[in-house]
Amino acid sequence: MSGGRHCYPDSEVLINKYNIHDKELLEKLEIQKVTAKLLGLDVRQDRIECTYDKQHLIHIHKYLFGDIYEWAGTFRKENLYKSERVLSGGSTEYVDYHDIERQLDELLKRYKDFEWKEESEIGNKVSEFLLELWIIHPFREGNTRTCITFLWHYLTGKGIDFRVELLRKNPMYVRDSLVMANYEQKKYLIRIISDALAEAVEPKEYLQADDTMREQYQIAKADYEAFREKYFIKKS
(Lines give C-alpha, C1' and ligand atoms only; values in the text may rest on other atoms or scores of the structure.)
Protein backbone atom coordinates (compact mmCIF):
# COMPACT_ATOMS: atom_id res chain seq x y z
CA MET A 1 0.00 0.00 0.00
CA SER A 2 1.36 3.43 -0.94
CA GLY A 3 0.77 6.65 0.97
CA GLY A 4 1.21 8.84 -2.12
CA ARG A 5 3.85 10.72 -4.04
CA HIS A 6 5.68 11.90 -0.91
CA CYS A 7 6.16 8.37 0.45
CA TYR A 8 8.72 5.70 -0.29
CA PRO A 9 7.55 3.19 -2.96
CA ASP A 10 4.94 0.73 -1.68
CA SER A 11 5.07 2.40 1.72
CA GLU A 12 3.21 4.86 3.92
CA VAL A 13 6.47 6.30 5.27
CA LEU A 14 7.15 9.87 4.18
CA ILE A 15 10.37 10.43 2.25
CA ASN A 16 12.70 12.18 4.66
CA LYS A 17 16.21 13.62 4.83
CA TYR A 18 17.32 10.92 7.28
CA ASN A 19 16.18 8.13 4.95
CA ILE A 20 14.23 6.55 7.80
CA HIS A 21 11.88 3.81 6.57
CA ASP A 22 10.35 2.97 9.94
CA LYS A 23 7.13 4.95 10.41
CA GLU A 24 7.16 4.97 14.22
CA LEU A 25 10.81 6.00 14.36
CA LEU A 26 10.16 8.83 11.90
CA GLU A 27 7.19 10.04 13.95
CA LYS A 28 9.32 10.13 17.11
CA LEU A 29 12.05 12.10 15.35
CA GLU A 30 9.49 14.49 13.90
CA ILE A 31 7.99 15.17 17.33
CA GLN A 32 11.43 15.89 18.79
CA LYS A 33 12.50 18.18 15.95
CA VAL A 34 9.24 20.11 15.74
CA THR A 35 8.99 20.51 19.52
CA ALA A 36 12.46 22.10 19.53
CA LYS A 37 11.45 24.39 16.67
CA LEU A 38 8.29 25.48 18.48
CA LEU A 39 10.32 26.27 21.62
CA GLY A 40 12.62 28.38 19.50
CA LEU A 41 9.64 30.22 18.10
CA ASP A 42 8.32 30.86 21.61
CA VAL A 43 11.62 32.53 22.50
CA ARG A 44 11.85 34.52 19.28
CA GLN A 45 8.63 34.86 17.32
CA ASP A 46 10.48 37.02 14.79
CA ARG A 47 12.20 33.90 13.42
CA ILE A 48 9.26 33.98 11.02
CA GLU A 49 8.10 37.19 9.38
CA CYS A 50 4.44 37.66 10.28
CA THR A 51 2.70 38.70 7.08
CA TYR A 52 -0.59 36.89 7.84
CA ASP A 53 -0.93 35.55 4.29
CA LYS A 54 -0.17 32.37 2.34
CA GLN A 55 3.56 33.04 2.49
CA HIS A 56 3.36 33.30 6.27
CA LEU A 57 1.75 29.84 6.39
CA ILE A 58 4.40 28.48 4.02
CA HIS A 59 7.23 29.94 6.11
CA ILE A 60 5.84 28.35 9.28
CA HIS A 61 5.68 24.92 7.66
CA LYS A 62 9.17 25.29 6.20
CA TYR A 63 10.55 26.38 9.57
CA LEU A 64 8.92 23.53 11.49
CA PHE A 65 9.51 20.67 9.05
CA GLY A 66 12.36 21.78 6.79
CA ASP A 67 14.98 19.81 8.73
CA ILE A 68 13.08 16.59 8.03
CA TYR A 69 11.40 16.89 4.63
CA GLU A 70 12.68 18.37 1.36
CA TRP A 71 9.10 19.25 0.41
CA ALA A 72 8.42 21.27 3.56
CA GLY A 73 6.84 24.61 2.74
CA THR A 74 5.20 23.44 -0.48
CA PHE A 75 1.49 22.88 -0.94
CA ARG A 76 0.41 19.31 -1.53
CA LYS A 77 -0.15 18.11 -5.10
CA GLU A 78 -2.44 15.23 -4.28
CA ASN A 79 -5.61 14.57 -2.32
CA LEU A 80 -5.27 13.14 1.16
CA TYR A 81 -6.60 10.24 3.17
CA LYS A 82 -5.85 10.52 6.89
CA SER A 83 -7.08 7.80 9.24
CA GLU A 84 -9.06 9.26 12.17
CA ARG A 85 -9.96 7.29 15.28
CA VAL A 86 -13.21 9.22 15.75
CA LEU A 87 -14.22 8.07 12.26
CA SER A 88 -13.30 4.43 12.96
CA GLY A 89 -10.23 4.76 10.75
CA GLY A 90 -11.97 6.70 7.99
CA SER A 91 -10.81 10.09 6.76
CA THR A 92 -12.46 13.47 6.88
CA GLU A 93 -12.79 15.18 3.51
CA TYR A 94 -10.18 17.85 2.88
CA VAL A 95 -10.15 20.51 0.19
CA ASP A 96 -9.17 19.22 -3.25
CA TYR A 97 -5.53 20.09 -3.85
CA HIS A 98 -6.42 22.08 -6.97
CA ASP A 99 -8.40 24.51 -4.78
CA ILE A 100 -5.90 25.03 -1.94
CA GLU A 101 -4.55 28.43 -2.96
CA ARG A 102 -7.93 29.80 -4.00
CA GLN A 103 -9.58 28.79 -0.74
CA LEU A 104 -6.70 30.14 1.35
CA ASP A 105 -6.96 33.45 -0.49
CA GLU A 106 -10.72 33.60 0.07
CA LEU A 107 -10.45 32.72 3.77
CA LEU A 108 -7.72 35.24 4.57
CA LYS A 109 -9.41 37.96 2.51
CA ARG A 110 -12.68 37.41 4.36
CA TYR A 111 -11.01 37.87 7.75
CA LYS A 112 -8.48 40.54 6.79
CA ASP A 113 -10.44 43.46 8.24
CA PHE A 114 -12.41 41.50 10.81
CA GLU A 115 -12.62 43.30 14.16
CA TRP A 116 -11.69 40.49 16.53
CA LYS A 117 -11.75 42.66 19.64
CA GLU A 118 -15.35 43.63 18.96
CA GLU A 119 -16.55 40.05 18.52
CA SER A 120 -18.85 39.09 21.40
CA GLU A 121 -18.46 35.33 20.86
CA ILE A 122 -14.78 35.29 19.99
CA GLY A 123 -14.28 31.65 20.99
CA ASN A 124 -16.83 30.55 18.40
CA LYS A 125 -15.34 32.80 15.71
CA VAL A 126 -11.75 31.73 16.32
CA SER A 127 -12.84 28.09 16.26
CA GLU A 128 -14.58 28.69 12.95
CA PHE A 129 -11.48 30.34 11.50
CA LEU A 130 -9.18 27.53 12.65
CA LEU A 131 -11.53 24.83 11.35
CA GLU A 132 -11.78 26.43 7.91
CA LEU A 133 -8.01 26.76 7.72
CA TRP A 134 -7.46 23.18 8.89
CA ILE A 135 -9.94 21.70 6.40
CA ILE A 136 -7.96 23.26 3.56
CA HIS A 137 -5.04 21.10 4.79
CA PRO A 138 -2.48 22.81 2.55
CA PHE A 139 0.45 20.47 3.21
CA ARG A 140 1.11 16.76 2.94
CA GLU A 141 1.95 16.48 6.65
CA GLY A 142 2.07 18.76 9.69
CA ASN A 143 -1.08 20.75 9.01
CA THR A 144 -2.47 20.86 12.54
CA ARG A 145 0.76 22.16 14.09
CA THR A 146 1.21 24.65 11.27
CA CYS A 147 -2.38 25.93 11.46
CA ILE A 148 -2.24 26.32 15.25
CA THR A 149 1.02 28.27 15.00
CA PHE A 150 -0.45 30.47 12.27
CA LEU A 151 -3.54 31.08 14.41
CA TRP A 152 -1.33 32.13 17.34
CA HIS A 153 0.58 34.59 15.15
CA TYR A 154 -2.61 35.84 13.53
CA LEU A 155 -4.42 36.58 16.78
CA THR A 156 -1.32 38.11 18.37
CA GLY A 157 -1.11 40.44 15.38
CA LYS A 158 -4.70 41.49 16.06
CA GLY A 159 -3.89 42.26 19.70
CA ILE A 160 -5.57 39.10 21.04
CA ASP A 161 -3.87 37.07 23.78
CA PHE A 162 -3.91 33.38 22.89
CA ARG A 163 -2.39 30.61 25.01
CA VAL A 164 -1.17 28.41 22.20
CA GLU A 165 0.55 26.08 24.67
CA LEU A 166 -2.86 24.79 25.76
CA LEU A 167 -3.48 23.38 22.28
CA ARG A 168 0.08 22.09 21.94
CA LYS A 169 -0.22 20.13 25.19
CA ASN A 170 -3.43 18.42 24.06
CA PRO A 171 -2.72 17.38 20.44
CA MET A 172 -5.03 14.37 20.24
CA TYR A 173 -7.93 16.25 21.78
CA VAL A 174 -7.39 19.10 19.31
CA ARG A 175 -7.20 16.66 16.41
CA ASP A 176 -10.37 14.81 17.45
CA SER A 177 -12.23 18.04 18.15
CA LEU A 178 -11.35 19.43 14.70
CA VAL A 179 -12.65 16.29 13.01
CA MET A 180 -15.84 16.37 15.08
CA ALA A 181 -16.32 20.09 14.46
CA ASN A 182 -16.19 19.40 10.73
CA TYR A 183 -19.26 17.21 11.27
CA GLU A 184 -21.17 19.83 13.28
CA GLN A 185 -20.06 18.66 16.74
CA LYS A 186 -18.26 21.90 17.62
CA LYS A 187 -18.48 22.18 21.38
CA TYR A 188 -15.16 20.47 22.11
CA LEU A 189 -13.16 22.66 19.77
CA ILE A 190 -14.90 25.78 21.09
CA ARG A 191 -14.15 24.67 24.66
CA ILE A 192 -10.37 24.53 24.30
CA ILE A 193 -10.21 27.61 22.06
CA SER A 194 -12.27 29.60 24.56
CA ASP A 195 -10.00 28.47 27.39
CA ALA A 196 -6.94 29.50 25.39
CA LEU A 197 -8.49 32.95 24.99
CA ALA A 198 -9.56 33.27 28.63
CA GLU A 199 -7.68 35.43 31.15
CA ALA A 200 -7.23 32.49 33.51
CA VAL A 201 -7.16 28.85 32.53
CA GLU A 202 -8.20 26.35 35.17
CA PRO A 203 -7.37 22.65 34.84
CA LYS A 204 -10.02 20.73 32.95
CA GLU A 205 -10.81 17.06 33.31
CA TYR A 206 -13.28 15.36 31.03
CA LEU A 207 -14.30 11.75 30.68
CA GLN A 208 -11.99 9.52 28.72
CA ALA A 209 -12.94 8.41 25.24
CA ASP A 210 -10.84 5.26 25.59
CA ASP A 211 -7.93 3.86 27.59
CA THR A 212 -5.35 5.39 25.25
CA MET A 213 -6.47 8.95 25.87
CA ARG A 214 -4.47 10.41 28.72
CA GLU A 215 -4.64 14.11 27.95
CA GLN A 216 -5.94 16.82 30.22
CA TYR A 217 -8.70 17.68 27.74
CA GLN A 218 -10.83 14.71 26.86
CA ILE A 219 -14.02 14.07 24.95
CA ALA A 220 -16.89 12.58 26.89
CA LYS A 221 -17.09 8.85 26.22
CA ALA A 222 -20.80 8.94 25.36
CA ASP A 223 -20.28 11.73 22.81
CA TYR A 224 -17.24 10.00 21.37
CA GLU A 225 -19.03 6.69 20.85
CA ALA A 226 -22.19 8.32 19.50
CA PHE A 227 -20.13 10.31 17.02
CA ARG A 228 -18.23 7.25 15.81
CA GLU A 229 -21.48 5.36 15.30
CA LYS A 230 -23.16 8.21 13.44
CA TYR A 231 -20.23 9.15 11.23
CA PHE A 232 -18.67 5.78 10.55
CA ILE A 233 -16.73 6.13 7.32
CA LYS A 234 -15.28 3.16 5.52
CA LYS A 235 -11.60 3.26 4.72
CA SER A 236 -10.84 4.16 1.12
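The values are calculated or read from the model by the stated rules, or taken from the named source; none is laboratory data. Model, not experiment: these values are computed from the prediction. Neighbour counts run over all protein chains shown; Cβ positions are idealised from the backbone, glycine included.
Residue-wise test of (1) under 19 Å from Phe139 (Cβ atoms); (2) among the aromatic types (Phe, Trp, Tyr); (3) assigned to a helix (DSSP H, G or I).
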{"position": "Lys28", "(1), (2), (3)": "no, no, yes"}
{"position": "Ile31", "(1), (2), (3)": "yes, no, yes"}
{"position": "Val34", "(1), (2), (3)": "yes, no, yes"}
{"position": "Leu39", "(1), (2), (3)": "no, no, yes"}
{"position": "Asp46", "(1), (2), (3)": "no, no, yes"}
{"position": "Gln55", "(1), (2), (3)": "yes, no, yes"}
{"position": "Ile60", "(1), (2), (3)": "yes, no, yes"}
{"position": "Tyr63", "(1), (2), (3)": "yes, yes, yes"}
Are any of the residues in the stretch 100-113 modelled with pLDDT of 95 or more, in a loop (DSSP other than H, G, I, E, B), closer than 20 Å to Val164 by Cβ and not β-branched (Val, Ile, Thr)? no
Could you tell me how many of the residues in the stretch 68-99 are at pLDDT 95 or above and not in a loop (DSSP other than H, G, I, E, B)? 3
Considering the stretch 28-83 alone, what residues qualify as being among the polar types (S, T, N, Q) and within 17 Å of Asn16 (Cα to Cα)? Gln32, Thr74
Would you say Lys54 is charged (D, E, K, R), in contact with a Phe, Trp or Tyr (Cβ under 9 Å, 6 or more places away or on another chain) and surrounded by fewer than 13 Cβ atoms within 10 Å (Cβ to Cβ)? no
